[in-house]
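Written out below as structure tokens is the structure these notes cover.
The values are calculated or read from the model by the stated rules, or taken from the named source; none is laboratory data. Just so it is clear, the structure is predicted and the values come from calculations on it, not from any experiment. Cβ atoms come from the backbone with ideal geometry, glycine included; neighbour counts cover every protein chain shown.
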2 protein chains.
Amino acid sequence: MDTAIRYVHGYSTTEATRLGDQADTLAELLHGDTAYPPGARVLEVGCGVGAQTAHLVASSPEAHLTAVDISADSLAAARARIGDRVTWRQADLFTLPFADDEFDHLFVCFVLEHLPDPTAALRSLRRVLRPGGTLTVIEGDHGSAYYHPASPHAQRTIDCLVRLQPGDALIGRRLHPLLTAADYRDVTVTPRVVYADDSRPGVVDGFTRNTFVAMVEGVRAEALAAGLLTEAEWERGIADLRRTADPGGTFNYTFFKATAVNP
Amino acid sequence: MDTAIRYVHGYSTTEATRLGDQADTLAELLHGDTAYPPGARVLEVGCGVGAQTAHLVASSPEAHLTAVDISADSLAAARARIGDRVTWRQADLFTLPFADDEFDHLFVCFVLEHLPDPTAALRSLRRVLRPGGTLTVIEGDHGSAYYHPASPHAQRTIDCLVRLQPGDALIGRRLHPLLTAADYRDVTVTPRVVYADDSRPGVVDGFTRNTFVAMVEGVRAEALAAGLLTEAEWERGIADLRRTADPGGTFNYTFFKATAVNP
């Protein structure tokens, strides 16, 4: 990742906990169909605190896993969490310290959404992926969120998150054209829907309340400082958004998972 | 259905074709997990031109199927399409000509979204459903549509459809609280996502272009007459919406399917 990029969600301990909770709740939905064979050389790009890396380790116990991130602090947290089962490297994805064709598979989760030029990033990554190797990309799409009760006030707080996120908070819906433009082949994209209602209290708590609403609440200070909403508008919107996790509320959000082949 | 309710999509032959195409494209997604056992007494409420009835007949060949609709013309079209394998009755769902507890299962697809009081309708239906019998409901949610390229102009044409539809065009997201409020038990709701990109030309054509965009285009005259948009705004919005079915575009829409038990 470009060091000039501001990571909108911050690097606090609370944020690391949130990402860990999110990963556990969503693990099966996002990662259940990813497993690399024994001996496969796999690179995770932008591993952060290792929330997704933990699932790679569990699902591909005999693969050779390498993980890079631009942040030394995040890497330290990831190593503390997962140990030396993974080779950890601090690096910018545009200047990866690896040989051409060094990996059989690349894994990129919740990274492209933060980049100013995801197409250039995807093209750059191809250098270290052998011909015939695969790329897996997972991203969210904050414009996929809708909920009951519907509320324009709640929507305006989500719109703040979309506006303040450097990169493209709506990137999930365009993974197919993006990977195609970066010259990958056999691009396959599947939506992965998180749906919460009263019959799914774990999803209400783990996703609606502690992942999505928490993420929106995380940009409060920045949204007010930027003058996107008044404090009263923010409070009303967040109250409506929280209401979707109360009894009778529902919440929908869609992640997108893409796989593709390096020609 | 209440005869006072205006059916926003109209009753034209083109509309019947559109509904048929839509049903065929979506059949597996929406109906693949519905099959009633031999001898089961099943009532479809609001069968329209029989687009969904055809799938019930195919998936439950030995069930006793009865279908009602408020429109004699629609029923005639349904009978012409499917034949006398099904018992057809013209009726208002609030005054069904059946005995208490007469059916083992009720099937309601794309009906509640058009009603002013869907909770009252669901409560009323319970009379003809035996205790322990099941209700299946399938509805769309026009607020679940999002697409690439994103466009506020396209969104305004969709918003016209939402505003002009009598009833609740966003009903899908609230099926769980709705069935719960109508005193059904064991309510289970699952989202059914239609996702289109260049790798799925059948979905692009069958759903994005010929179902969703066609449906939005169907309210053009009414939207302009109501002054919701100028003609220029409409044309720009529809052009952007059509663009999502061109190469590089993507489209997402979610249906919701609920099952529940009559206590």
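So A:LEU164 fits all but one of (1) in contact (Cβ under 8 Å) with a residue 60 or more places away in the chain; (2) buried (at least 18 other Cβ atoms within 10 Å of the Cβ); what number is the exception?
With (1) in contact (Cβ under 8 Å) with a residue 60 or more places away in the chain; (2) buried (at least 18 other Cβ atoms within 10 Å of the Cβ) applied to A:LEU164, the lone miss is (2).
Is there any pair linking a residue in segment A:237-250 that is within 14 Å of another protein chain (Cβ to nearest Cβ) to one that is surrounded by fewer than 21 Cβ atoms within 10 Å (Cβ to Cβ) and at pLDDT below 95, with Cβ under 8 Å and at least six apart or on different chains, and which?
A:ALA245/A:ASP205
Tell me, which strands (runs of 3 or more DSSP E) lie completely within segment A:35-115 with 2 or more residues that are crowded, with 20+ Cβ neighbours inside 10 Å?
A:41-45, A:64-69, A:103-109
Looking at this structure, is A:ASP141 acidic (Asp, Glu), farther than 19 Å from B:GLY172 by Cα and surrounded by 21 or more Cβ atoms within 10 Å (Cβ to Cβ)?
Against the criterion (acidic (Asp, Glu), farther than 19 Å from B:GLY172 by Cα and surrounded by 21 or more Cβ atoms within 10 Å (Cβ to Cβ)), A:ASP141 qualifies.
With respect to A:GLY202, determine if the residue is more than 14 Å from chain B (Cβ to nearest Cβ), within 27 Å of B:ASP186 (Cα to Cα) and surrounded by fewer than 21 Cβ atoms within 10 Å (Cβ to Cβ).
On the way: more than 14 Å from chain B (Cβ to nearest Cβ): yes; within 27 Å of B:ASP186 (Cα to Cα): yes; surrounded by fewer than 21 Cβ atoms within 10 Å (Cβ to Cβ): yes.
Judged against the criteria, A:GLY202 is a match.
Can you tell me which residues in segment A:221-263 are part of a helix (DSSP H, G or I) and within 21 Å of B:TYR146 (Cα to Cα)? Give the steps one after another, and end with the answer.
Going through segment A:221-263, the residues part of a helix (DSSP H, G or I) turn out to be A:221-225, A:231-243.
The one that is part of a helix (DSSP H, G or I) and within 21 Å of B:TYR146 (Cα to Cα): A:LEU241.
Out of curiosity, is A:VAL213 β-branched (Val, Ile, Thr), within 14 Å of chain B (Cβ to nearest Cβ) and crowded, with 18+ Cβ neighbours inside 10 Å?
Against the criterion (β-branched (Val, Ile, Thr), within 14 Å of chain B (Cβ to nearest Cβ) and crowded, with 18+ Cβ neighbours inside 10 Å), A:VAL213 does not qualify.
Could you run through segment A:149-170 and say how many residues are in a helix (DSSP H, G or I) and at the interface with chain B (Cβ under 9 Å from one of its Cβ atoms)?
0
Please determine whether any residue of segment A:205-222 is at pLDDT below 95 and more than 17 Å from the chain's Cα centre (by Cα).
Yes, segment A:205-222 has at least one match.
Within segment A:146-160, is there a residue that is closer than 26 Å to A:GLY248 by Cα, small (Gly, Ala, Ser) and surrounded by 22 or more Cβ atoms within 10 Å (Cβ to Cβ)?
For segment A:146-160, residues closer than 26 Å to A:GLY248 by Cα, small (Gly, Ala, Ser) and surrounded by 22 or more Cβ atoms within 10 Å (Cβ to Cβ): present.
Going residue by residue through segment B:178-190, is there one that turns out to be modelled with pLDDT of 95 or more, closer than 20 Å to A:PHE255 by Cα, within 19 Å of the chain's Cα centre (by Cα) and among the β-branched types (Val, Ile, Thr)?
So in segment B:178-190, the residues modelled with pLDDT of 95 or more come out as B:178-190.
Adding the requirement that they be closer than 20 Å to A:PHE255 by Cα leaves B:189-190.
Filter again for within 19 Å of the chain's Cα centre (by Cα), leaving B:189-190.
Now drop any that are not among the β-branched types (Val, Ile, Thr), which leaves B:189-190.
Within segment B:178-190 (the criterion being modelled with pLDDT of 95 or more, closer than 20 Å to A:PHE255 by Cα, within 19 Å of the chain's Cα centre (by Cα) and among the β-branched types (Val, Ile, Thr)), the answer is yes, since at least one residue qualifies.
Given the conditions (1) within 12 Å of chain A (Cβ to nearest Cβ); (2) more than 19 Å from the chain's Cα centre (by Cα), which single one is not true for B:TYR146?
(2)
For residues that are of a type in the set (A, V, I, L, M) and facing chain A (nearest Cβ under 7 Å), scanning just segment B:171-198, find the one that is surrounded by the most Cβ atoms within 10 Å (Cβ to Cβ).
B:VAL189
Name the residue that is surrounded by the most Cβ atoms within 10 Å (Cβ to Cβ), counting only residues in segment A:237-253 that are farther than 21 Å from B:THR180 by Cβ and touching a helix residue (DSSP H, G or I) at 6+ places or on another chain (Cβ under 7 Å).
Top of the filtered list is A:LEU241.
Counting only residues that are part of a helix (DSSP H, G or I) and within 14 Å of chain A (Cβ to nearest Cβ), how many does segment B:119-143 have? So that I can check it myself, show each step before the final result.
Step one: list which residues in segment B:119-143 are part of a helix (DSSP H, G or I), which gives B:119-128, B:142-143.
Retained after the next criterion (residues that are within 14 Å of chain A (Cβ to nearest Cβ)): B:119, B:142-143.
Selection size over segment B:119-143: 3.
Are any residues in segment A:179-220 in a strand (DSSP E or B) and among the aliphatic types (A, V, I, L, M), and if so, which ones?
Within segment A:179-220, A:VAL187, A:VAL189, A:VAL193, A:VAL194, A:ALA196 meet the criteria.
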